[in-house]
Amino acid sequence: MVVIGIDPGITGGVAFISGSGWVSVEDIPTLPLAGGGLVRRRISGRELGDLLLRKCPVGCHPTVFCETVGTMGGRNNAVQTQGSLMRSLGAIEAVVEMLRWPIVMVEAREWQGFYKLAG
């Protein structure tokens, strides 16, 4: 049994934990975007898929947990940043779906509360 946790941001990561005791944490793979906009990178779906398969080869049957993201208003939440985060989540969901692995979406407040990190 392998559990995969994914933080969907461009600076996010992917954690792997197995029932046999191995743990691995990797940066989420990204690619540069052309132009000089506020958002300069995007998730590389191909590299993410390759990473997941390297850590969980065919027959592994992991469960993926991914933090839920959403848009929010406010002075420090540029629409470009929010769009980038939603684009990242879509890329992650597409890669995991192509691998036919189950994905469980988790609210940040749930896991932060579980580990007493909220507030």
Here the net charge surrounding Val106, from other residues whose Cβ is less than 11 Å away from its Cβ (Lys, Arg +1; Asp, Glu -1), is -3
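How much of the accessible area of segment 22-119, in percent, comes from carbon and sulfur atoms when a 1.4 Å probe is used? Show your work: numbers first, answer last.
Numbers: 3720 of 6740 Å².
Of all accessible area on segment 22-119, carbon and sulfur atoms account for 55 percent.
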Checking every Cys Cβ in the chain against the others at 4.7 Å leaves as unpaired Cys66
The size of the Cβ-based charge dipole (Lys, Arg +1; Asp, Glu -1) of the chain about the Cα centre, to the nearest 20 debye, is 240
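Accessible area per residue of the chain at 1.4 Å probe, in Å²? Present the calculation step by step, with values, prior to reporting the outcome.
Details: 7650 Å² over 119 residues.
For the chain, the solvent-accessible area averages 64 Å² per residue.
How high is the relative contact order of the chain? Use alpha-carbon pairs under 8 Å, at least six apart in sequence, and give a whole percent. Intermediate results must be reported in sequence, preceding the final value.
On the way: 174 pairs, mean separation 31.8, N = 119.
Contact order relative to length: 27 percent.
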Whole-Å distance linking the alpha carbon centroid of segment 80-119 with that of segment 48-72 is 10
As a percent rounded to 5, the proportion of antiparallel DSSP bridges among beta bridges in the chain is 60
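Is the chain best put as rounded, prolate or oblate by its Cα gyration tensor, with a ≥ b ≥ c the root eigenvalues, rounded for a/c under 1.5, and otherwise prolate when a/b is larger than b/c, oblate when not?
Details: a/c = 2.18, a/b = 1.32, b/c = 1.65.
The shape class here is oblate.
What shape does segment 26-66 take by its C-alpha gyration tensor, where a ≥ b ≥ c are the square roots of the eigenvalues and a/c under 1.5 counts as rounded, a/b above b/c as prolate, and the rest as oblate?
Details: a/c = 4.22, a/b = 2.72, b/c = 1.55.
The shape class here is prolate.
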Rounded to the nearest 10, the angle in degrees between the Cα long axis of helix 79-98 and the longest principal axis of the Cα atoms of the chain comes to 20
Under 5 Å from the placed amide H of Val106, counting only residues 5+ away or on other chains, we find Cys66, Glu67, Thr68
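Could you tally the net charge around Cys56, taking each other residue with its Cβ under 13 Å from the Cβ of Cys56, Lys/Arg +1 and Asp/Glu -1?
Details: positive: Arg54, Lys55, Arg100; negative: Glu26, Asp50.
For residues surrounding Cys56, the net value is +1.
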Expressed in square angstrom to the nearest 10, the accessible area of Arg42 with a 1.4 Å probe stands at 80
Rounded to the nearest 10 degrees, the helix 45-55 long axis (Cα) sits at an angle to the longest Cα principal axis of the chain of 30
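The values are calculated or read from the model by the stated rules, or taken from the named source; none is laboratory data. Keep in mind that what you see is a predicted model, and the values were worked out from it rather than measured. Using ideal geometry, Cβ is built from the backbone for each residue, glycine included, and neighbour counts are taken over all protein chains shown. To get the accessible areas, we keep the full protein, side chains included, count just its heavy atoms, and leave off ligands, DNA and RNA. Shrake-Rupley method; radii C 1.70, N 1.55, O 1.52, S 1.80 Å.
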